[in-house]
Amino acid sequence: MTSTERGIAAAEAHSAHNYHPLPVVVATAEGAWVTDVAGRRYLDMLAGYSALNFGHGNRRLLDAARAQLERVTLTSRAFHHDRFGDFCTQLAALCGMELVLPMNTGAEAVETAVKTARKWGYQVKGVPDGRAKIIVADHNFHGRTTTIVSFSTDPEARAGFGPYTPGFEIVPYGDLAAMEAALDDHTVAVLLEPIQGEAGVLVPPPGYLAGVRELTRSRNVLFIADEIQSGLGRTGRTFACEHEDVVPDMYVLGKALGGGVVPVSAVVSSREVLGVFAPGEHGSTFGGNPLACAVALEVLAMLRTGEFQQQATELGEHLHSELGLLVGGGAVDAVRGRGLWAGVDINPSRGTGREISERLLARGVLAKDTHGATIRLAPPLVISKEDLDWGLDQLRGVLEG
């Protein structure tokens, strides 16, 4: 067996089959490139679903992590530590908010947002106990916990995991009229992805996010923006909501907040909203740990320069211009996205999304399919124009072949 075959065989034999990875075993990585156990290099056009916005092995992030590793990595929230206050202060400032509740994974942050909204609804809005309702959109992806899959419309994520958690109403994504009709006196929050990533990088119609902001404000309902994938530079702005000059009541953040080094997530909101918690009502042993805070503080410093947002804007325009040329020729049916993020709908005559991803792998490009016919492209924001063009050349070669 080859080194690749041995690595895959061990994983297949001793890990739960909850993923279907492409047949590559990564050993090292730097910037926008990874190298497998056989020494072959691949251009990473997925970036850990936006967790690696700043590239693999970013020196600034690794140096921050190394320095903290020598000091203290975990205290639990039973005690204060010297990185926590700065992290919360700087993340709140980046978001234009007041308070931060740190967690670890994106799903944990979404669960935290759900609990926060319900608590706020009972304590502040005055919704009768047990009657709080949260409105979500179809085709959403907010995580895979039992509560979150309860309001998923994806059979793969949902089927076989009931009984499901009540308290959610699903409306069509991008439909303001349906949103307005769903709002009632028991509605405590609207939870949306400003751009739906797992669904195929779906961008809502112009004015939708602003319309949701107006509706929620008029009905005393929290607008929760899940920016776990779309936030922190990916779309060319710090937050995707900024493209419509929208400020939600709550940001849900993750992935790139940990720089691809450690899992870091957070809910960020006002004092009125996050102030509903009392000690003991919510928490996490690792949430806001010193190592996570040290890495995230460096992420925040990098974002404050604006250079990564600018890179995503400039290269994103180039990416979408080049991808747009593929539409209408029989190989690509549609392209969507914003910044360095794109969903490419492959014409069935060229193969499935999985087959296209496998052919790209053979040409040295890592990308991933979703929902059958779509491939997602989300390279690290540090990718060079030359490398991006090379990757696009490989995509053209696959589609033409």
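Ignoring lysines fewer than eight residues from K119 along the same chain, the ones with Cα atoms less than 20 angstrom from its Cα are K133. Nonpolar atom fraction for the chain, defined as the carbon and sulfur part of the 1.4 Å probe accessible area, stands at 52 percent. Heavy-atom accessible surface of H282, to the nearest 10 Å², is about 60 Å², with a 1.4 Å probe and all protein chains retained. So what is the diffusion coefficient of the range 199-240 in µm² per second by Stokes-Einstein at 37 °C and 0.692 mPa s, using a Kirkwood Rh over Cα pairs? The calculation lands on 283 µm²/s. Let me test this: with uniform point scatterers at the alpha carbons of the range 269-320, what is the Debye-based log₁₀ I(q)/I(0) at q = 0.17, 0.20, 0.21 1/Å? Each listed q maps to, in turn, -0.79, -0.86, -0.88.
Could you tell me whether the range 161-231 comes out rounded, prolate or oblate from its Cα gyration tensor? Rule is a ≥ b ≥ c as square roots of the eigenvalues, rounded for a/c under 1.5, then prolate if a/b exceeds b/c, otherwise oblate. Since a/c reaches 1.5 but b/c is at least a/b, the shape of the range 161-231 is classed as oblate. Shape class for the range 311-364: oblate, because the ratio a/c of the largest to smallest gyration tensor axis (alpha-carbon atoms, square roots of eigenvalues) is 1.5 or more and b/c is at least a/b. Expressed as a whole percent, the proportion of Cα-Cα pairs in the range 343-401 lying more than 18 Å apart is 27%. Kirkwood hydrodynamic radius computed over the range 77-127 comes to 12.7 Å, based on all pairs of distinct alpha carbons. Computed from the C-alpha gyration tensor, the three semi-axes of the ellipsoid equivalent to the range 1-86 are 32, 18, 13 Å, from longest to shortest.
Taking every pair of alpha-carbon atoms in the range 95-222, what share in percent sits in each 10 Å bin, from 0 to the bin with the longest distance? That works out to 12, 42, 39, 7, 0, in percent per bin.
Rounded, prolate or oblate: which fits the range 42-173, taking a ≥ b ≥ c as square roots of the Cα gyration tensor eigenvalues, rounded meaning a/c under 1.5, else prolate when a/b beats b/c? Verdict is oblate for the range 42-173.
When every Cα-Cα distance of the chain is counted in 10 angstrom steps from zero, the calculated P(r) takes the values 5, 22, 31, 27, 12, 2, 0 percent.
Derived scalar couplings between HN and Hα for the range 380-393 equal x, 5, 8, 4, 7, 4, 5, 5, 4, 5, 4, x, 5, 4 Hz in order, rounded to whole Hz, by the Karplus curve 6.51 cos²θ - 1.76 cosθ + 1.60 (θ = phi - 60°), x for Gly and Pro. If you fit an axis through the alpha-carbon atoms of helix 208-218 and take the longest principal axis of the Cα set of the chain, what angle between them do you get, 0 to 90°, nearest 10? Computed tilt is about 10 degrees.
When each of the peptides 116-125, 21-30, 362-371, 259-268 is scored by how many other beta carbons lie within 10 Å of its residues on average, the order from highest to lowest is 259-268, 116-125, 362-371, 21-30.
Taking all Cα pairs closer than 8 Å and separated by 6 or more residues, the relative contact order of the chain comes to 23 percent. Would you kindly give the portion of the calculated P(r) for the range 171-306 that falls above 23 Å, as a percent of all Cα pairs? Every Cα pair in the range 171-306 considered, those over 23 Å come to 40 percent. Per residue, the convex hull around the alpha carbon atoms of the range 1-51 comes to 88 Å³. Each residue of the range 244-386 gets 170 Å³ once the volume of the Cα convex hull is shared out per residue.
Accessible area per residue for the range 39-112 is 47 Å², calculated with a 1.4 Å probe on protein heavy atoms, without ligands, DNA or RNA.
Compactness of the range 115-182 was expressed as the Cα radius of gyration divided by 2.2 N^0.38 Å, which yields 1.19.
The values are calculated or read from the model by the stated rules, or taken from the named source; none is laboratory data. What you are looking at is a predicted structure, and each value in this text was computed from that prediction instead of being measured. Because the Cβ atoms are built from the backbone with ideal geometry, glycine has one as well, and the counts that use them run over all protein chains shown. Accessible surface is based on the protein model in full, side chains and every heavy atom, while ligands, DNA and RNA are left aside. Shrake-Rupley method; radii C 1.70, N 1.55, O 1.52, S 1.80 Å.
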